[in-house]
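Down below is the structure, laid out as structure tokens.
The values are calculated or read from the model by the stated rules, or taken from the named source; none is laboratory data. Nothing here was measured: the structure is a model prediction, and the numbers come from that model. Here the Cβ is made from the backbone with ideal geometry for all residues, glycine too, and neighbour counts use every protein chain on show.
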């Protein structure tokens with residue numbers, strides 16, 4: 001068992017983990033932050049994406065012990081300080097970029113990382129970046145639109 | 001001007017806020033005090049005789065609470081099948097037992113043999129690996145035609161063969177169809193496969209069972225599309241728990257696509273084990289486990305023949321289909337290749353004579369059941385592929401051939417037992433030509449050719465039967481359930497409304513769209529309406545969500561209950577305003593007396609209902625709560641026209657979707673934004689089937705595509721943006737909202753468009769011998785077709 005300390009969404013946390021404990025497990029089970037989801041066991045689906053020191057990471061592909069000392073951001077830390085939806089989250093709602101919501105946390109985290117790297121991505125760049133995030137509900141159409149809209153690009157709004 | 005609320009408005013989804021902030025509440029997020037964890041030891045062979053299961057070493061391991069095997073379930077009911085088919089000879093189908101844990105034999109890779117309940121998931125898994133299974137592997141039967149031809153290998157020893165049923169529809173038409181085909185000017189024949197798919201909702205299945213020794217009450221939390229159906233099936237047929245002692249909760253559910261309709265062994269196990277070990281018991285599927293334990297979809301092999309006269313009029317249609325059931329009958333499996341498939345073989349066309357033969361077959365593979373569209377994609381794919389082939393053989397434009405045969409007058413009784421109430425197939429085809437700019441195709445083809453790419457255009461129509469279903473009709477067809485829906489509308493004293501619907505949202509957005517309907521009917525803000533679903537202790541009864549039935553059946557039940565609420569509220573309002581009931585009007589949340597300036601607000605009336613000081617107590621009871629059960633008079637028939645343009649790389653065979661357009665008629669629409677999203681998602685799955693997805697077993701029954709490393713799920717860069725339109729609207733004539741349903745259309749209408757387009761591209765490039773390629777149209781298959 002190993003003692004780990006990290007900052008999650010700006011708050012210092014610690015726990016005792018086994019060597020095999022995944023970061024995704026640590027977040028969901030130890031910290032009871034269930035916004036991060038587990039959709040596969042081969043690091044393909046991307047439902048578990050979080051940010052570790054500013055980088056988008058599949059938290060099922062990283063041991064909790066590896067995140068010792070890191071700054072971790074999860075979906076629970078993405079809203080504005082007053083609790084309102086961030087620009088990116090709001091764009092997902094405005095453009096119906098989610099249906100069942102299960103892949104959504106990973107999608108939002110990946111999209112945020114994309115926009116940090118590339119503030120005005122083209123449709124092709126968005127689609128390529130999201131290769132590691134599987135959505136079964138939306139056909140990706142509205143996810144792409146939401147990300148374009150969040151980046152300030154002109155997209156007809158789906159909702160009123 | 002778009003509406004800003006009520007029916008027809010693209011209202012933002014209220015449920016999104018919790019999903020976007022990590023506050024969703026899915027079954028795996030539920031952890032109960034003192035819970036134990038279960039790991040299922042599953043068969044690694046497709047067919048075998050269980051000689052013994054030695055759990056002694058495993059039981060001695062740290063953290064093990066108890067280990068269960070098939071012996072623990074002797075005398076306990078197996079998983080029931082909800083639909084009984086009568087075959088063409090008048091005999092009922094062969095129906096094997098489906099034990100919770102394997103007894104005597106295993107019949108597919110993934111069949112559960114034992115279940116370890118332990119203090120942690122890791123301890124449960126470690127112990128499962130220490131169980132010694134003595135198994136005599138038997139030859140497996142995987143291919144359907146071989147399974148029928150050769151009964152040396154039987155999946156179920158107590159059945160006479162591997163044939164579940166041999167169904168003919170309409171049997172009385174058989175000879176007339178044969179005769180018409182024999183005498184026709186032209187007959188087009190096509191043999192094709194509709195490959196097996198895995199539904200793959202992104203949330204794997206989870207079950208948490210709980211038992212209260214003090215009260216004898218059970219609770220099951222489960223990833224289900226229809227918790228009441230699970231309560232009935234598991235309670236009555238498996239575990240013998242009366243419904244009043246069993247609560248089933250399906251909280252936020254991360255997609256279903258059909259695979260979460262069915263009652264699964266793991267649900268029954270967790271409920272059973274919770275009592276046996278007197279602790280909550282939790283199971284969370286891994287994705288790998290989902291691949292070998294979730295019911296799979298499609299898997300039909302078909303020969304279709306279409307007879308035409310010299311002008312291209314359809315005369316007769318004959319199909320011969322083998323449908324894979326897998327190793328056991330999943331809950332609604334027998335209905336999929338029969339009533340959900342044969343009844344749709346007329347499509348959008350006037351074909352006077354149709355005969356459908358379906359042989360359902362047991363094999364040593366994972367059970368097959370409904371997957372998005374369920375039977376209707378298989379029907380549409382055969383029909384729209386054979387029409388394209390016929391058009392080419394006869395030198396007729398494929399769109400013109402379809403138009404020539406369109407049903408144009410409604411209601412229209414097909415020769416396959418259903419009656420289309422409304423539709424306008426010409427309108428959706430014309431809309432498709434417009435939104436897809438079909439006139440501009442040649443120009444785009446030339447541009448592709450300049451890049452060295454082969455461009456092709458595929459067009460097709462579809463029709464589906466949704467809003468399932470009239471209970472008396474499906475009862476005659478073998479359903480062992482009614483297919484109504486129920487809703488209770490409870491109005492609180494301060495005017496807020498709670499709707500308890502038996503329909504279930506696992507992505508469809510009921511909490512928003514159902515509230516829009518109530519808001520429209522009463523004239524109150526949608527924020528005053530709460531939609532409750534997914535909990536049998538809160539919702540009186542329900543048949544759940546599948547078959548695009550939520551708004552058409554569940555919504556109709558809600559409308560009926562709300563109509564009762566309004567009728568009673570008008571009586572109260574009439575009393576308050578000293579007027580006659582019949583003079584009361586309700587608009588924008590105000591009751592008025594016609595022709596006067598008298599009015600009372602909605603909230604005044606609801607308060608009076610619960611504080612009945614000035615109230616017609618001699619005529620009506622206090623309170624304002626009503627329940628309605630709605631049983632539809634007919635199916636609904638969404639229909640439309642789809643087109644796909646592809647670019648095929650002549651060197652590699654890789655297919656790229658250049659554009660995709662869908663013109664649908666869903667009747668009236670409650671939330672256009674949600675409808676668009678449903679169509680997008682369906683198209684995504686349909687293109688996935690056409691180009692990427694396949695479920696492959698080797699000859700020993702090992703699943704070769706058992707993870708996302710091997711099963712090609714569509715990713716964002718596999719798909720284009722889509723052009724969708726639903727402005728053609730012929731409202732349903734028999735439900736109060738005039739709605740038809742939109743959940744499956746995309747998955748039904750899109751695969752033939754893609755395959756038609758690829759065949760078209762190859763034909764235009766001179767590969768005139770390529771008349772069909774089986775899905776998925778992988779680069780290797782397309783390349784092989786070009787080089788055959």
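Annotations for the structure displayed:
- Filtered residues of the range B:316-362 (kept if assigned to a helix (DSSP H, G or I) and under 17 Å from residue B:192 (Cβ atoms)): B:342, B:344
- Considering each residue of the range A:139-155 in turn, none proves to be within 13 Å of the chain's Cα centre (by Cα), within 24 Å of residue B:746 (Cα to Cα), facing chain B (nearest Cβ under 7 Å) and part of a loop (DSSP other than H, G, I, E, B).
- Cβ-Cβ under 8 Å pairs, at least 6 apart or on other chains, the range A:69-91 side at positive phi, far side modelled with pLDDT of 95 or more: A:69/A:5; A:69/A:6
- On the stretch given as the range B:10-61, residues that are assigned to a loop (DSSP other than H, G, I, E, B), within 14 Å of another protein chain (Cβ to nearest Cβ) and within 28 Å of residue B:211 (Cα to Cα) total 8.
- In a residue-by-residue description of the range B:51-67, the property of being buried (at least 23 other Cβ atoms within 10 Å of the Cβ) and closer than 30 Å to residue A:37 by Cα applies to at least one position.
- Flag if residue B:200 is buried (at least 20 other Cβ atoms within 10 Å of the Cβ), at positive phi and either modelled with pLDDT under 95 or not assigned by TED's automatic domain parsing to the domain that holds residue B:701 (or both): yes
- The residue that is nearest to the chain's Cα centre (by Cα), counting only those in the range B:695-724 that are within 14 Å of chain A (Cβ to nearest Cβ) and not in a loop (DSSP other than H, G, I, E, B), is B:724.
- Residue B:33 passes every criterion in (1) over 23 Å from residue B:160 (Cα atoms); (2) modelled with pLDDT of 95 or more; (3) under 32 Å from the mean Cα position of the chain (by Cα) apart from (3).
- Qualifying residue in the range B:767-785 (condition: farther than 23 Å from residue B:657 by Cβ, at pLDDT 95 or above and in a loop (DSSP other than H, G, I, E, B)): yes
- Only one entry of B:124, B:147 meets the criterion of being in contact (Cβ under 8 Å) with a residue 60 or more places away in the chain, more than 17 Å from residue B:361 (Cα to Cα) and either assigned to a loop (DSSP other than H, G, I, E, B) or out of contact with any helix residue (DSSP H, G or I) (no Cβ under 6 Å at 6 or more places or on another chain) (or both), and that entry is B:124.
- For the criterion of being in the same structural domain as residue B:527 (by TED's automatic domain parsing), assigned to a helix (DSSP H, G or I) and exposed (fewer than 15 other Cβ atoms within 10 Å of the Cβ), residue B:567 passes.
- Condition broken by residue A:94, with the remaining ones in (1) in contact with a helix residue (DSSP H, G or I) (Cβ under 9 Å, 6 or more places away or on another chain); (2) without any contact (Cβ under 8 Å) to a residue 60 or more places away in the chain satisfied: (2)
- Qualifying position, being touching a strand residue (DSSP E or B) at 6+ places or on another chain (Cβ under 8 Å), in a loop (DSSP other than H, G, I, E, B) and either without any contact (Cβ under 8 Å) to a residue 24 or more places away in the chain or more than 14 Å from chain A (Cβ to nearest Cβ) (or both), among B:556, B:548: B:548
- Within this structure, residue A:71 fails the test of being out of contact with any helix residue (DSSP H, G or I) (no Cβ under 8 Å at 6 or more places or on another chain) and within 14 Å of chain B (Cβ to nearest Cβ).
- Count of the range B:274-285 residues which are farther than 17 Å from residue B:222 by Cβ and either without any contact (Cβ under 8 Å) to a residue 24 or more places away in the chain or within 12 Å of chain A (Cβ to nearest Cβ) (or both): 0
- Looking only at residues of the range B:205-214 that are in contact with a strand residue (DSSP E or B) (Cβ under 7 Å, 6 or more places away or on another chain) and closer than 19 Å to residue B:225 by Cα, we find that the one that is farthest from the other protein chains (Cβ to nearest Cβ) is B:209.
- The strands (runs of 3 or more DSSP E) located wholly in the range B:441-542 include none with 2 or more residues which are in contact with a strand residue (DSSP E or B) (Cβ under 6 Å, 6 or more places away or on another chain), under 26 Å from residue B:330 (Cα atoms) and within 14 Å of another protein chain (Cβ to nearest Cβ).
- None of B:499, B:517, B:459 is in the same structural domain as residue B:648 (by TED's automatic domain parsing), surrounded by 24 or more Cβ atoms within 10 Å (Cβ to Cβ) and in contact with a helix residue (DSSP H, G or I) (Cβ under 8 Å, 6 or more places away or on another chain) except B:459.
- Boolean, residue B:692 is more than 10 Å from chain A (Cβ to nearest Cβ) and surrounded by 21 or more Cβ atoms within 10 Å (Cβ to Cβ): no
- Lone unmet requirement of (1) modelled with pLDDT of 95 or more; (2) more than 9 Å from chain A (Cβ to nearest Cβ) for residue B:1: (1)
- Candidates B:288, B:293 - the one that is within 14 Å of another protein chain (Cβ to nearest Cβ) and surrounded by fewer than 20 Cβ atoms within 10 Å (Cβ to Cβ): B:288
- With respect to (1) surrounded by fewer than 23 Cβ atoms within 10 Å (Cβ to Cβ); (2) in contact (Cβ under 8 Å) with a residue 12 or more places away in the chain; (3) more than 25 Å from the chain's Cα centre (by Cα); (4) within 14 Å of another protein chain (Cβ to nearest Cβ), the lone exception for residue B:72 is condition (4).
- Options B:594, B:573, B:601, B:579: the member that is buried (at least 22 other Cβ atoms within 10 Å of the Cβ), farther than 25 Å from residue B:631 by Cβ and either modelled with pLDDT under 95 or not assigned by TED's automatic domain parsing to the domain that holds residue B:739 (or both): B:573
- The criterion of being under 29 Å from residue A:39 (Cβ atoms), in contact (Cβ under 8 Å) with a residue 60 or more places away in the chain and either touching a helix residue (DSSP H, G or I) at 6+ places or on another chain (Cβ under 6 Å) or buried (at least 20 other Cβ atoms within 10 Å of the Cβ) (or both) does not hold for residue B:669.
- Every condition in (1) in contact with a strand residue (DSSP E or B) (Cβ under 9 Å, 6 or more places away or on another chain); (2) in contact (Cβ under 8 Å) with a residue 12 or more places away in the chain is met by residue B:179 except one, and the failing one is (2).
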